[in-house]
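The values are calculated or read from the model by the stated rules, or taken from the named source; none is laboratory data. Just so it is clear, the model here is predicted, and its values are computed rather than measured. Don't worry about glycine lacking a Cβ; one is built from the backbone with ideal geometry, like all the others, and counts go over all protein chains shown. Only protein heavy atoms, including side chains, enter the accessible area calculation; ligands, DNA and RNA are left aside. Shrake-Rupley method; radii C 1.70, N 1.55, O 1.52, S 1.80 Å.
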Amino acid sequence: MDPLALALLPGIGPKRLLELLAEENPLLSLKERFPQAAVVLPQAEREAEGERRRAEAMGVRILGLWEEAFPEGLRRLPQPPTHLYLKGELPEEGKAVAIVGTRKASAWALSFARKLARGLSEAGLCVVSGLARGVDREAHLGALEGGGSTLGVLGSALDRIYPPEHRELARKVALVSEFPFGTGPKPEFFPRRNRIIAGLSRAVIVVEAPLESGALITARYALELGKEVLAVPGRPTDENSLGTNRLIQDGAYPVLSAEDVLSYLGFSGKPKKAVELSQEEEGLYALLRQGEALPEDLAQALGVPAEKVLSLLTLLELKGLAQALPGGRYGAL
């Protein structure tokens, strides 16, 4: 009997799925215990074949709860997904750290999240996040800059990337979702996504979050699973930091650097030594991290002569932070 077809049947959750697959005759047991579901089994079998065809065309693997390779961290969830849609590789057990936070993050939080992710990536950890706007995006970008792996957990199907402006980013990272192809994002899907982020990660780091942030849901799932929760402190008067500061009050470990995280979690790797930049280099590098640009556009944005920008670009290239691209454009490394 096709386990994926069983998983797609209405009313057959993870517990019932595994119970049925453990039976000597799963089909007979299905008909006896869940006759209404058995009636629509032929339709579910067709859907399962369709999912496999789409997965093959997209280079996606469908990984079932019934398979040995299914991640142990997700098996331990009170309500694990019956199957996953995976593009790329899942992180090694115990070698993943989640970085999450508000979509409407402040400038300092975006910069810190990126730097933190870069440091953890350089130390050999996989950075897990939700591919959302704000902190999540910077976490993925920082991990890519660090030369390591990063996993985006979606609240939609792999063929319905959300937000749509992150499609280019999605092509650069590993992706996982529990939602069938064609499923668009819905508000109720994001807490489900958050439990997967927590389940796959050794620890969850919340960079910036107000009291009603979904990032705090991820932190709560982590605590329920016995995972570590860390948080970046913010100013007491900033609404966007009320959630993270409350986490710290409740016992979350305060994070001021990637070294703090590595030391607290007992990882031996170390991030690369930070490259020192002048104020002008910092300003130019910040612009490059926003996207590729021509030197004349960078000069206009910075309010300096084009010759000065070209000189600064050369310095950033020598420091391994910028690269020349086709068409005379430059981008951040």
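The figures follow:
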| item | result |
| --- | --- |
| Residue check for Leu27: at pLDDT below 95, among the aliphatic types (A, V, I, L, M) and more than 36 Å from the chain's Cα centre (by Cα) | yes |
| Of all residues making up segment 58-110, the number that are more than 21 Å from Thr183 (Cβ to Cβ) and part of a helix (DSSP H, G or I) | 7 |
| Filter pass, Glu276 being assigned to a loop (DSSP other than H, G, I, E, B), over 20 Å from the mean Cα position of the chain (by Cα) and charged (D, E, K, R) | yes |
| Any chance Ser213 is at pLDDT below 95 and in contact with a strand residue (DSSP E or B) (Cβ under 9 Å, 6 or more places away or on another chain) | yes |
| Residue satisfying all of: in segment 268-293; hydrophobic (A, V, I, L, M, F, W, C) and under 11 Å from Leu313 (Cα atoms); modelled with the highest pLDDT among these | Leu284 |
| Where a residue in segment 303-332 is under 18 Å from Ala286 (Cβ atoms) and touching a residue at least 24 places away in the same chain (Cβ under 8 Å) and its partner, wherever it lies, is β-branched (Val, Ile, Thr) and part of a loop (DSSP other than H, G, I, E, B), with Cβ under 6 Å and at least six apart | Lys319/Val275 |
| Selection within segment 1-45 - of a type in the set (A, V, I, L, M), without any contact (Cβ under 8 Å) to a residue 12 or more places away in the chain and open to solvent by 80 Å² or more (accessible area, probe 1.4 Å) | Ala22, Leu28, Val39 |
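Residues are listed down the side, and each one gets a yes or a no for (1) in a loop (DSSP other than H, G, I, E, B); (2) open to solvent by less than 60 Å² (accessible area, probe 1.4 Å); (3) within 20 Å of Gly199 (Cβ to Cβ):
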residue	(1), (2), (3)
Gly152	no, yes, yes
Ala157	yes, yes, yes
Tyr162	yes, no, no
Glu165	no, no, no
Leu169	no, yes, no
Phe179	yes, yes, yes
Thr183	yes, yes, yes
Pro187	yes, no, no
